[in-house]
Amino acid sequence: MINVVNIRKDFPVLTTTVYGNPLIYLDNAATTQKPECVIRTIDELYRTSNANIHRGVHFLSEKCTEKYEQAREKIRQFINAEKKSEIIFTSGTTGSINTVATSFGERFVSAGDEIILSEMEHHSNIVPWQLLCERKGAKIKIIPFDDKGILRIDLLDALINENTKIIAVTHASNVLGTINPIKQIVAKAHLYNIPVLVDGAQAAPHENVDVRDLDCDFYTFSGHKIYAPTGIGVLYGKEKMLEQMPPYQGGGDMISTVTFEKTTYAQLPLKFEAGTLNFIDAIAFGVAIDYINQTGRQNIINCEHKLLEYATQKLSAIEGLKIYGEAAEKVALVSFLLKDIHHLDTGMILDKKGIAVRTGTLCAEPLLTHFGKTGMVRASFAFYNTFDEIDVLCENLEKISLMFN
Ligand code: PMP
């Protein structure tokens, strides 16, 4: 069980006031707040241990290298990958997807090939594939979703053919909240020997992720959405896939030997970690994972499910409020519009009350187009949010509704 009063003490920013009101932070799908232990780790590392990893024989370099590799191991365990070498540190989900689109694309995609995405993808899981298609003369096909926000995987068979080279799909939608049946999608794709990349940016913070159980070929997520710092993320790839792919970038650390005639590459995972990685934040990422494990992942999941249930029920009771995304399995976020009030008006008025929600396209324009909308309001929750905060959100939405009458 989570004691929310105690948990909130771990997150210094939650005591902030905004325009004289206590901060109500409901923008967790964009980025989560950081616990004291993560903030302290970064501060301490720069004060006591900072030295570039992997290259030095001196004390501090070895210390940082050890901590960095320990963080990799923590992440391996967190997603139940088989090998540490399958965990690649990147700048975030976007960095991870671009790595695969470029490197996998370079090796396996040619003119006339096809890539399957879903209609509910974040721009980060659309644009890298479009860039690849432009370079290679390949094309994108789309799995649609229905009006409840449920993916029509019954249509997947009809989209697959001998030209399909990869399926890239989100584990959980950042707008609809829908948790997609990844295991089922992967099982189907593998019948045709098609690899699957899963965008786990919204699922990793809120659900159990077991990449071996999912059997996906790639899994990507960002540290900053899971209580770790910005600028650090993960690309999980099955060893047999990563081994076949060329390096994404060239530079230090990713090489074995270099001559002007020929370079040989380092073993995994370093083959995909060119240059000086964000090692301080990677170490702090490991500390965030420790914090999640200590709090209890299942406790976090249970707590967020209750918040989602409560918020859905309270928001649905507001006259004229429409929720987008009604799947039975959702992560803890609710996107909505209030009557025909502009999403920016709603967001700006809530802000003046200290309530932080996200407004706009939510980086998923094709998804919004499905509903004929150009913007929505999204409240997204973390386990440090409270039922009282949801009450304040709903009271203010009622007031906004009256104001615009
Ligand atoms: N995919 C999804 C589903 C997301 O929600 C986000 C972040 N909003 C991203 C990808 C991109 O993550 P990042 O900006 O951390 O690379």
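The values are calculated or read from the model by the stated rules, or taken from the named source; none is laboratory data. Quantities reported herein were computed from a predicted structural model and do not represent experimental measurements. Here the Cβ positions follow ideal geometry from the backbone for every residue, glycine too, while neighbour counts run over all protein chains shown.
Would you list the helices (runs of 4 or more DSSP H) that sit entirely within region 170-266 and hold 3 or more residues that are under 30 Å from Phe383 (Cβ atoms) and either at pLDDT 95 or above or basic (Lys, Arg) (or both)?
In region 170-266, the matching helices (runs of 4 or more DSSP H) lie at 182-191, 211-214.
Go through Ser124, Ser118, Ser91 for me and flag whichever is crowded, with 20+ Cβ neighbours inside 10 Å and out of contact with any helix residue (DSSP H, G or I) (no Cβ under 7 Å at 6 or more places or on another chain).
Ser118
How many of the residues in region 117-138 are in a helix (DSSP H, G or I) and in contact (Cβ under 8 Å) with a residue 40 or more places away in the chain?
3
One line per residue, one yes/no per condition, for (1) in contact with a Lys or Arg (Cβ under 6 Å, 6 or more places away or on another chain); (2) in a loop (DSSP other than H, G, I, E, B):
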| position | (1), (2) |
| --- | --- |
| Leu315 | no, no |
| Ile323 | no, no |
| Leu337 | yes, no |
| Leu350 | no, no |
| Thr359 | no, no |
| Cys363 | no, yes |
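Are there any pairs with C-beta distances below 6 angstrom linking a residue in region 91-104 that is more than 9 Å from the ligand (Cβ to nearest atom) to a residue that is among the aromatic types (Phe, Trp, Tyr) and at pLDDT 95 or above, with the two at least 6 apart or on different chains, and if so which?
Listed pairs, sorted by first residue: Thr99/Tyr248; Val100/Phe218; Ala101/Trp129; Thr102/Tyr248; Ser103/Tyr248.
Does Lys148 meet the test of being more than 13 Å from the ligand (Cβ to nearest atom), part of a strand (DSSP E or B) and farther than 21 Å from Gly233 by Cα?
no
Being buried (at least 23 other Cβ atoms within 10 Å of the Cβ) and charged (D, E, K, R) is the filter here, so list the residues in region 192-242 that pass it.
Asp199, Asp217, Lys225 - these are the residues of region 192-242 that are buried (at least 23 other Cβ atoms within 10 Å of the Cβ) and charged (D, E, K, R).
Restricting attention to region 2-16, and to residues there that are in a loop (DSSP other than H, G, I, E, B) and surrounded by fewer than 16 Cβ atoms within 10 Å (Cβ to Cβ), which single residue is nearest to the ligand (Cβ to nearest atom)? So that I can check it myself, show each step before the final result.
In the first step, residues of region 2-16 are kept if they are in a loop (DSSP other than H, G, I, E, B); the result is 2-3, 10-11, 16.
If we keep only those that are surrounded by fewer than 16 Cβ atoms within 10 Å (Cβ to Cβ) as well, we get 3, 16.
Working: Asn3: 29, Thr16: 22 Å.
So, considering only residues that are in a loop (DSSP other than H, G, I, E, B) and surrounded by fewer than 16 Cβ atoms within 10 Å (Cβ to Cβ), the one nearest to the ligand (Cβ to nearest atom) is Thr16.
Here's the yes/no breakdown for (1) in contact with a Phe, Trp or Tyr (Cβ under 8 Å, 6 or more places away or on another chain); (2) polar (S, T, N, Q); (3) away from the ligand (no atom under 16 Å from the Cβ); (4) not assigned by TED's automatic domain parsing to the domain that holds Ser85:
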site: Lys188; (1), (2), (3), (4): no, no, yes, no
site: Tyr192; (1), (2), (3), (4): no, no, yes, no
site: His206; (1), (2), (3), (4): no, no, no, no
site: Val209; (1), (2), (3), (4): yes, no, no, no
site: Val234; (1), (2), (3), (4): yes, no, no, no
site: Val258; (1), (2), (3), (4): no, no, yes, no
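Residues in region 17-61 that are away from the ligand (no atom under 16 Å from the Cβ), surrounded by 12 or more Cβ atoms within 10 Å (Cβ to Cβ) and assigned to a loop (DSSP other than H, G, I, E, B): how many?
9
I want to confirm something. Restricting to region 151-169 and keeping residues that are charged (D, E, K, R) and part of a loop (DSSP other than H, G, I, E, B), which single residue is nearest to the ligand (Cβ to nearest atom)?
So the residue we want is Arg152.
Identify, by number, the condition in (1) under 29 Å from Val13 (Cα atoms); (2) surrounded by fewer than 15 Cβ atoms within 10 Å (Cβ to Cβ) that Thr374 doesn't meet.
Against the list (1) under 29 Å from Val13 (Cα atoms); (2) surrounded by fewer than 15 Cβ atoms within 10 Å (Cβ to Cβ), Thr374 comes up short only on (1).
Mind checking whether some residue in region 325-340 is without any contact (Cβ under 8 Å) to a residue 40 or more places away in the chain and either among the basic types (Lys, Arg) or not assigned by TED's automatic domain parsing to the domain that holds Tyr68 (or both)? Break it down into steps so the answer makes sense when it comes.
As a first pass, look at region 325-340 and keep what is without any contact (Cβ under 8 Å) to a residue 40 or more places away in the chain: 328, 340.
Keeping just the survivors that are either among the basic types (Lys, Arg) or not assigned by TED's automatic domain parsing to the domain that holds Tyr68 (or both) gives 328, 340.
Yes, there is a match, as at least one residue in region 325-340 is without any contact (Cβ under 8 Å) to a residue 40 or more places away in the chain and either among the basic types (Lys, Arg) or not assigned by TED's automatic domain parsing to the domain that holds Tyr68 (or both).
Residues of region 127-141 being surrounded by 15 or more Cβ atoms within 10 Å (Cβ to Cβ) and within 16 Å of the ligand (Cβ to nearest atom), which ones?
Those that are surrounded by 15 or more Cβ atoms within 10 Å (Cβ to Cβ) and within 16 Å of the ligand (Cβ to nearest atom): Val127, Pro128, Trp129, Gln130.
Each row is one residue, and each column tells you yes or no for (1) touching a residue at least 60 places away in the same chain (Cβ under 8 Å); (2) within 14 Å of the chain's Cα centre (by Cα); (3) not assigned by TED's automatic domain parsing to the domain that holds Gly233.
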residue	(1), (2), (3)
Ile115	no, no, no
Lys141	no, no, no
Gly149	yes, no, no
Ala168	yes, yes, no
Ser173	yes, yes, no
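Identify, from the list Gly252, Gly237, the residue that is closer than 26 Å to Cys363 by Cα and in contact (Cβ under 8 Å) with a residue 60 or more places away in the chain.
Gly237
Would you mention how many residues in region 363-405 are among the hydrophobic types (A, V, I, L, M, F, W, C) and farther than 25 Å from Ala204 by Cα?
9
Could you grab me the full set of residues in region 365-379 that are polar (S, T, N, Q) and either part of a loop (DSSP other than H, G, I, E, B) or touching a Leu at 6+ places or on another chain (Cβ under 8 Å) (or both)?
Listed by number, the list holds a single entry, Thr374.
Are any residues in region 377-405 over 19 Å from the mean Cα position of the chain (by Cα), among the hydroxyl-bearing types (Ser, Thr, Tyr) and within 27 Å of Gln298 (Cα to Cα), and if so, which ones?
Thr386
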